[in-house]
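Participant: Dropping a structure here in C-alpha cells format, bear with me for questions.
The values are calculated or read from the model by the stated rules, or taken from the named source; none is laboratory data. Note that the coordinates shown come from a computational prediction; the quantities given were computed from them, not determined experimentally. Here the Cβ positions follow ideal geometry from the backbone for every residue, glycine too, while neighbour counts run over all protein chains shown. Heads up: the accessible areas ignore ligands, DNA and RNA and are worked out on the full protein's heavy atoms, side chains in. Shrake-Rupley method; radii C 1.70, N 1.55, O 1.52, S 1.80 Å.
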Amino acid sequence: MYLDHHPSAEDVEKVFAPYYKADVKIWKRFSEKIQVREFSKSAVIKEYNAIEKYLNIIVKGSAGLFVWNGNRDICINLLYESSFMSDYLSFLNQQPTVIKAEALENTVLWSIHYTDLNALYAANKTGLRIGKAIAEILYVRKQREQISLLTQSPEERYLQLITERPEIFQRTPLKVIASYLGLTAESLSRIRKRVTER
C-alpha cells in the first residue's frame, strides 16, 4: 500500500472503501488535508501524557500503543498497514492520556489533524457519516480485543493471533507480542514450544 507521493482522492477512497462508500469529491477533500508523516523504527509517534493531534492511517510499517505500569511498557494494541492508529480517547477529548504510540518498524502514516478532520465533518452530512464510520471501526476493534482478553486463555489468544495475523511474528519483537497477549516473554516461548510440539 505504500505510496511515495501525497495520496490522491482515489488512494484515500481505496482505504475507506471497505468501511464507507462516498463520492470521490469527498475523498478529494480528505486527501487535501492529509499530511504524510514518516517515523523511524522505535520513534515515538505520540508521547505519554501528551495530546493526540492526529487521526492516522498506517500505509507502511507498524506501530504499538503502550501504557506504563510503573515498571515497564505494556502493549495494549498492535497495528499494521491499512489500520487506523491513534490514541483515540485523547484525540476525541483533546486531553492528555497515559498512552504512548511508537513505531515498531520504519513507518509511514497518513495523518489528519484534529482541526482539519472536524472541519471536514462539519462541511456536510457525508463527512459526519464518515466520522461515525471511523469511530465504529475503532470501537468494534477495541471491543473484540477486550472480549478476547476476558474470555480466552493466553494460549487461545496466541493461536488466534497466529491465525489472524501470522506475519506479526516475523515483524514484531517477541517481548512486545508477549506484552500484548498479557504474558511474559518466557511464558509466550513456552506456549509456542507446546503448540509446535503437538
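Participant: Take the residues in region 111-129 that are farther than 12 Å from Tyr54 by Cβ and of a type in the set (A, V, I, L, M, F, W, C), then tell me which one is most open to solvent (accessible area, probe 1.4 Å).
Facilitator: The qualifying residue most open to solvent (accessible area, probe 1.4 Å) is Leu128.
Participant: Scan region 21-66 residue by residue and report those that are part of a helix (DSSP H, G or I) and within 16 Å of Thr115 (Cβ to Cβ).
Facilitator: Within region 21-66, Arg29, Phe30, Glu32, Lys33 meet the criteria.
Participant: Can you tell me how many residues in region 61-110 are open to solvent by 50 Å² or more (accessible area, probe 1.4 Å), within 12 Å of the chain's Cα centre (by Cα) and not hydroxyl-bearing (Ser, Thr, Tyr)?
Facilitator: Within region 61-110, residues that are open to solvent by 50 Å² or more (accessible area, probe 1.4 Å), within 12 Å of the chain's Cα centre (by Cα) and not hydroxyl-bearing (Ser, Thr, Tyr) number 2.
Participant: A further question follows. Any chance region 176-183 includes a residue that's among the aromatic types (Phe, Trp, Tyr), touching a residue at least 40 places away in the same chain (Cβ under 8 Å) and part of a helix (DSSP H, G or I)?
Facilitator: Yes, region 176-183 contains at least one residue that is among the aromatic types (Phe, Trp, Tyr), touching a residue at least 40 places away in the same chain (Cβ under 8 Å) and part of a helix (DSSP H, G or I).
Participant: If you go through region 136-162 one residue at a time, how many are exposed (fewer than 13 other Cβ atoms within 10 Å of the Cβ) and closer than 30 Å to Lys28 by Cβ?
Facilitator: Count: 3.
Participant: Looking only at region 1-20, count how many residues are open to solvent by 60 Å² or more (accessible area, probe 1.4 Å) and either in contact with a Pro (Cβ under 8 Å, 6 or more places away or on another chain) or not in a loop (DSSP other than H, G, I, E, B) (or both).
Facilitator: Here the count works out to 3.
Participant: In region 51-100, how many residues are touching a Cys at 6+ places or on another chain (Cβ under 8 Å) and closer than 28 Å to Asp11 by Cα?
Facilitator: Here the count works out to 2.
Participant: Scan region 163-181 residue by residue and report those that are at pLDDT below 90 and either of a type in the set (D, E, K, R) or open to solvent by 60 Å² or more (accessible area, probe 1.4 Å) (or both).
Facilitator: Thr163, Glu164, Arg165, Pro166, Glu167, Gln170
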